[in-house]
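S.K.: One structure, pasted below without further comment.
The values are calculated or read from the model by the stated rules, or taken from the named source; none is laboratory data. Note that the coordinates shown come from a computational prediction; the quantities given were computed from them, not determined experimentally. Because the Cβ atoms are built from the backbone with ideal geometry, glycine has one as well, and the counts that use them run over all protein chains shown.
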Amino acid sequence: MIGITTLEGSIRISPTGNVGIDETETLQKALEEAFGAGGGVEVDLSACRSLSSSAIGALIACHNSLRSRGTRLKVSGATEDMRKLLRMMGLDRHFELA
Amino acid sequence: MTSPRILAVDDERANLHLLATALRNEGYLVDIATSGEQALERAAEVPPDLVLLDIGLPGLDGFQVLARLRQTEGCLGLPVIFLTSMEEIASKVRGFSLGAVDYVVKPFHLEELRARVRIHLQLARSLKALAHEQARRLESLVVAQRSILARPADLPSARFSVHFQPAQEAGGDLYDVVEVGPGIHGYFVGDVSGHDLGASLVASAATALLRQNSGPAWSPEDTFRMINGALADWLPPGRFLTGCLVRHNRNTHSLRVVSAAHPPPAILEPSGRVTFLESSGDVLGAFAQAQFGSLERKVRPGDRVVIYTDGLLERAGRTLVESLNTLGQAISRLTDAPLEDLPRLLADSMAPVLGADDVVALAFEA
């Protein structure tokens, strides 16, 4: 399940549960559409238990697209374990962690 | 072609202006900063092509500035030359280990500094071109590389064994062992994101790049920077790999560990004590500029090092901390196992989970 919320100037994407191979495609589409809307993109991980490597790849791809517009991917609501994962992967240096 | 941009940092204004003028006369664009904080601001605004950095600065000193630059996007691979009156060996070593490319002691001759600046700008440009060139030729390299897996029998001096269990035909796990020089070996384990045919292609590409960019003149960090540069050029968005490279020097009994967002390798001492060697770094192939930390330690004959992929860790527990604990205990129980059986016994000692990932476990003995 992926929730999509339109905020002022950005779009928030909230994947829930375990984002495996099947869910990654949906996540990727949601990220691409959010980027296409022209504003910021926020990924809310508060209800997300795990991310597959392909899902992380989709986040990085979206971040790199946002970089070309001078902004970054915003990641919010990461649980302690998810934060550890993002740190181990060095992604805390790239994404904007809220 | 636009002129290279140099950021000069010194709290002594007279020196700074002299330096800036000399460089501008050579045709460079020069930004100046008189404190560490100001240097970081300038670098974040407009990333320079090279930094001349004083060490004794008010506030953040030169070492701290370099460490922070290495965390700043756009400045990760930036050549930094220390320009300082501190001539102690310890401070030189510290500067180089933080990733400075050169160290010039004041007072210096402008002519010498100009030459060093030129060399390092050319070097940075050549490395970029080399990465680009390797990316261009990668397709043909991949074809040549396929089906070559390092076997323990072919490289007995490396004293390693490996357990490689792809979950699907098109797996993304990989390993390789390369001879860097007499008595020096590089052990690499990697994991490509995704599980399709593309993943195994990327695995072959990474192995080819590893072999091309290993040698005494390359530090493990250099090797990773080159692999990253070429892959970032070549890979489609969203594809990346994690990896760990351990270089073991049997002449000096030392290990150097570089990690690209990979789970930490473990060292198993004959007493049964297990320590994880944690160093942080970016994933490979996702970012045009990436940063790789390294860790060095001494080993004794009989010590063993275990490098593995995420698939093994997933079997060990639900959270990262829990998994590492369980894995550490499992490795410790194998203290007396023969080296050739250790990786397989380790993988077998953990029950596979449903829909499990590939598993690589590689062990070598010092």
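S.K.: Only one of these conditions is not met by B:Glu322: (1) within 22 Å of A:Asp92 (Cβ to Cβ); (2) assigned to a loop (DSSP other than H, G, I, E, B). Which number is it?
M.R.: (2)
S.K.: Inside the range B:1-118, counting only strands (runs of 3 or more DSSP E) that do not spill past its ends, which hold 2 or more residues that are under 25 Å from A:Ser68 (Cβ atoms)?
M.R.: Result: B:5-9, B:29-33, B:50-53.
S.K.: While we're on this one: Can you name the condition, by its number, that B:Val104 falls short on among (1) under 25 Å from B:Arg125 (Cα atoms); (2) at pLDDT below 90?
M.R.: (2)
Yes/no per residue for (1) away from chain A (no Cβ under 14 Å); (2) touching a residue at least 40 places away in the same chain (Cβ under 8 Å):
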{"position": "B:Val192", "(1), (2)": "no, yes"}
{"position": "B:Ala205", "(1), (2)": "yes, yes"}
{"position": "B:Ile227", "(1), (2)": "yes, yes"}
{"position": "B:Ala230", "(1), (2)": "yes, yes"}
{"position": "B:Asp233", "(1), (2)": "no, yes"}
{"position": "B:Pro237", "(1), (2)": "no, no"}
{"position": "B:Cys244", "(1), (2)": "no, yes"}
{"position": "B:Arg247", "(1), (2)": "yes, yes"}
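S.K.: What number of residues in the range B:175-212 are surrounded by 23 or more Cβ atoms within 10 Å (Cβ to Cβ) and among the polar types (S, T, N, Q)?
M.R.: 2
S.K.: Let me ask another. Name the residue, out of A:Ala30, A:Ala34, that is within 14 Å of chain B (Cβ to nearest Cβ) and surrounded by 15 or more Cβ atoms within 10 Å (Cβ to Cβ).
M.R.: A:Ala30
S.K.: Farther than 30 Å from B:Ala44 by Cα, more than 8 Å from every other protein chain (Cβ to nearest Cβ) and under 11 Å from the mean Cα position of the chain (by Cα): is that true of A:Ala78 in this structure?
M.R.: Taking the combined requirement at face value, the residue does not satisfy it.
S.K.: Name the single residue, out of those in the range A:87-97 being among the aliphatic types (A, V, I, L, M) and within 10 Å of chain B (Cβ to nearest Cβ), that is surrounded by the fewest Cβ atoms within 10 Å (Cβ to Cβ).
M.R.: Per the criteria, the residue is A:Met88.
S.K.: For the range B:6-36, what are the residues that are within 30 Å of the chain's Cα centre (by Cα) and surrounded by fewer than 16 Cβ atoms within 10 Å (Cβ to Cβ)?
M.R.: none
S.K.: Among the residues of the range B:327-340, write down those that are crowded, with 16+ Cβ neighbours inside 10 Å and either within 14 Å of chain A (Cβ to nearest Cβ) or more than 27 Å from A:Lys84 (Cα to Cα) (or both).
M.R.: B:Leu334, B:Ala337 - these are the residues of the range B:327-340 that are crowded, with 16+ Cβ neighbours inside 10 Å and either within 14 Å of chain A (Cβ to nearest Cβ) or more than 27 Å from A:Lys84 (Cα to Cα) (or both).
S.K.: Would you check which residues across the range B:65-90 are crowded, with 16+ Cβ neighbours inside 10 Å and over 17 Å from B:Ala290 (Cα atoms) and list them?
M.R.: B:Val65, B:Ile81, B:Phe82, B:Leu83, B:Thr84, B:Met86
S.K.: Being free of Cβ contacts under 8 Å to residues at least 12 places away in the same chain and closer than 17 Å to A:Gly17 by Cβ is the filter here, so list the residues in the range A:68-88 that pass it.
M.R.: Result: A:Asp81, single match.
S.K.: Shifting gears a bit: Here are some residues: B:Gly281, B:Gly302. Which one is at pLDDT 90 or above and away from chain A (no Cβ under 11 Å)?
M.R.: B:Gly302
S.K.: Also, quick follow-up: Just a yes or no: is a residue in the range B:125-143 farther than 23 Å from B:Asp11 by Cα, modelled with pLDDT under 90 and acidic (Asp, Glu)?
M.R.: Within the range B:125-143, one or more residues are farther than 23 Å from B:Asp11 by Cα, modelled with pLDDT under 90 and acidic (Asp, Glu).
S.K.: Going by the structure shown, is B:Arg304 basic (Lys, Arg) and either closer than 24 Å to A:Asp92 by Cα or in contact with a Leu (Cβ under 6 Å, 6 or more places away or on another chain) (or both)?
M.R.: It is true that B:Arg304 is basic (Lys, Arg) and either closer than 24 Å to A:Asp92 by Cα or in contact with a Leu (Cβ under 6 Å, 6 or more places away or on another chain) (or both).
S.K.: From B:Leu313, B:Leu324, grab the single residue that is within 14 Å of another protein chain (Cβ to nearest Cβ), more than 27 Å from B:Leu149 (Cβ to Cβ), over 20 Å from the mean Cα position of the chain (by Cα) and touching a residue at least 40 places away in the same chain (Cβ under 8 Å).
M.R.: Being within 14 Å of another protein chain (Cβ to nearest Cβ), more than 27 Å from B:Leu149 (Cβ to Cβ), over 20 Å from the mean Cα position of the chain (by Cα) and touching a residue at least 40 places away in the same chain (Cβ under 8 Å) holds for just one of B:Leu313, B:Leu324, which is B:Leu324.
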